[in-house]
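A short worksheet on the structure shown next.
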Amino acid sequence: MAKEKTLFFCTECGTETPKWAGRCAACGAWNTIVEAPAERRGKGSAARRTTDGASGKPLALKEIDAKQEERTGTDIGELDRVLGGGIVDGSLVLASGDPGIGKSTLLLQMCRNLANRGEKVLYVSGEESLAQIKLRALRIGDCADSLLFLAETDMGAIREHILAYRPKVAIIDSVQTMMLPEVESAPGSVSQIRENTAFLMRLAKTENIAIFLVGHVTKDGSVAGPKMLEHMVDTVLYFEGDSTTSYRILRAVKNRFGSTNEIGVFEMGSDGLSEVRNPSEHMLRGMPENEPGSVVAVTLEGTRPILVEVQALICKTTFNLPRRTAAGTDFNRMNLLMAVMEKRLGISLSGCDAYLNVAGGLRVTEPALDLPVVLAILSGYRNMPLPEQTTAFGEIGLTGELRAVSQALARVREAAKLGYRLCILAQSDFEKVRGDAPKEIRLIGLRNIRELPKDLRFDGER
Ligand code: TYD
Ligand code: MG
């Protein structure tokens, strides 16, 4: 009997190779090559077909009929924002995140809202029994009867149920537990995940049903299974959060129907997730007043300015090698900024331990955090607090120069709205926003960090 033909795939980038190897030749990742049965061309290879059943003839733009995408609101403002204004009919959305972060809860709340408005919704779970789902649903609240639940892992059966019920939105929780019987490998394997996703993509497009797919993430935070999964779907949402805080951040890392980088902020409570409409207030809750080493930074997430507290603790090193840590931001950037400060401000930081923290559980890596980081370190080093109600933002270059950042005016307005009275920024941003900024906030524009006052009192009108 002829041996079943198998191929090898990289679970990171999806590259096919005929032989096993310790390292993927395409992306260079180690130990990611796995064996999987080769696809049978023709019958099973859903990935090879076009998603909208087009005839395959080249067309001019005006010959293509495309309707304006229909969107359905979820009544969860933060989720709508991340999706780009609601659920697009016939789209395939991948929702991923750490176990226990609240993916099933958020999707269930979304289904409940849709059903309560009279939409038909189907929630398929391959992970939990119907009784478990019921217990969760009871915590969230009553839902209308147009929301149906199904415990099933066979994709063929799921397709039949979807075609019979014809819901507006279907949830598949999770892609790693589902299986197509004609693919001869275990659920969760590379070929199962790939074929399942292609199968669902086709179902979503041909039947015009929006499908949400839950995906697990690996230890290092990417979606388990081939990275390819992210290429196949329309939208990829990541649900992140610190297990020690109740805040959850939903982030679109890819969105064919909206902008990426938008975030939604939620808080997990005893009756499910609730929206956090003003994240800045939450991020700054419990912030110390008039303490050295603490600065409020105005960062931007998507199009949305958010205020976060940056803290620095600077103390004398007791060992030969100073200890440095950065939580919630980039460690290498912190080292670079400390080197710039050492050189341009002439202060000796090499003998100091430095601990940097962005409080509130948000991870910020944008360059506008540079100036707040420098101010926090300087304030911690000199043991002098900044003036009350001070905020800052701005990128810092290697010569210590302050550079403009995006959306300066929106940042200044958010700071003023939350009652801050002083904002330190780059001179070029200062000139740009001076005319339009709210009058109640005083702006200080700087060209170089050398212009920072020694006593950190920012006097003088600007
Ligand atoms: P869940 O949505 O099951 O996570 P995921 O599907 O991402 O694995 O969320 C599970 C966690 O959320 C669990 O630890 C319990 C907690 N939780 C609450 O705190 N309050 C609630 O109302 C619900 C439904 C869950
Ligand atoms: Mg779950």
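The values are calculated or read from the model by the stated rules, or taken from the named source; none is laboratory data. Remember, it's a predicted structure, so these values are computed and weren't measured experimentally. So basically every Cβ, Gly included, is an ideal-geometry build from the backbone, and we count neighbours across all protein chains shown. The area values use the complete protein model at the heavy-atom level, side chains included, leaving out ligands, DNA and RNA. Shrake-Rupley method; radii C 1.70, N 1.55, O 1.52, S 1.80 Å.
Taking all Cα pairs closer than 8 Å and separated by 6 or more residues, the relative contact order of region 312-462 comes to 21 percent. Surface calculation, 1.4 Å probe, protein heavy atoms: T365 sits at approximately 90 Å² accessible. Computed from phi, the 3J(HN,Hα) profile of region 413-426 under the Karplus parametrisation 6.51, -1.76, 1.60 (θ = phi - 60°) reads 4, 5, 4, 5, 4, 8, x, 7, 10, 9, 9, 9, 8, 6 Hz, with x in place of Gly and Pro. 3J(HN,Hα) couplings calculated from phi for region 429-441 with the Karplus curve 6.51 cos²θ - 1.76 cosθ + 1.60 (θ = phi - 60°) are, in sequence order, 5, 4, 5, 5, 9, 3, x, 9, 5, x, 5, 6, 10 Hz; Gly and Pro show x. Distances between placed amide hydrogens fall under 5 Å for Y123 paired with L148, F149, L150, I171, all partners being 5 or more residues away or on another chain.
Using a probe radius of 1.4 angstrom, the carbon and sulfur fraction of the accessible surface of the chain is 50%. Per-residue Karplus couplings for region 314-326, computed as 6.51 cos²θ - 1.76 cosθ + 1.60 with θ equal to phi - 60°, are listed in order as 10, 9, 5, 6, 9, 9, 5, 9, x, 8, 9, 9, 9 Hz, Gly and Pro entered as x.
Find the relative contact order for the chain and round it to a whole percent, using C-alpha pairs within less than 8 Å whose residues are 6+ positions apart. If you can, show how the numbers build up before the last one.
Working: 965 pairs, mean separation 55.4, N = 462.
Relative contact order comes out at 12 percent.
Distance from the alpha carbon centroid of region 289-368 to that of region 420-460 works out to 20 angstrom. So what is the relative contact order for region 71-277, in percent, with contacts set as C-alpha pairs under 8 Å and at least six apart? With pairs under 8 Å counted, the relative contact order is 29 percent.
Provide the gained length on full extension for the span I64 to D271, in nm with one decimal, where the gain is 0.36 nm per separating residue minus the Cα-Cα distance.
Extra length from I64 to D271 when fully extended: 69.9 nm.
From helices alone, the chain scores -7500 deg cm²/dmol at 222 nm; the rule is -39500 (n - 2.57) for each run of n ≥ 4 DSSP H residues, then divide by the residue total. Accessible surface calculations at 1.4 Å, restricted to protein heavy atoms, place region 71-277 at 38 Å² per residue. Summarising the label geometry, the points placed 7 Å from Cα in the beta-carbon direction at K134 and R23 lie 5.5 nm from one another. Against the chain, whose longest principal axis is taken from its Cα atoms, helix 103-116 shows a tilt of about 70°. For the chain, C111, C143, C315, C352, C423 have no disulfide-compatible partner, since no other Cys C-beta lies under 4.7 Å from theirs. Averaged per residue, region 289-430 has 40 square angstrom of accessible surface, using a 1.4 angstrom probe with ligands and nucleic acids left out.
Ordering of 107-115, 257-265, 161-169 by packing is 107-115, 257-265, 161-169, highest average first (other Cβ atoms within 10 Å, averaged per residue).
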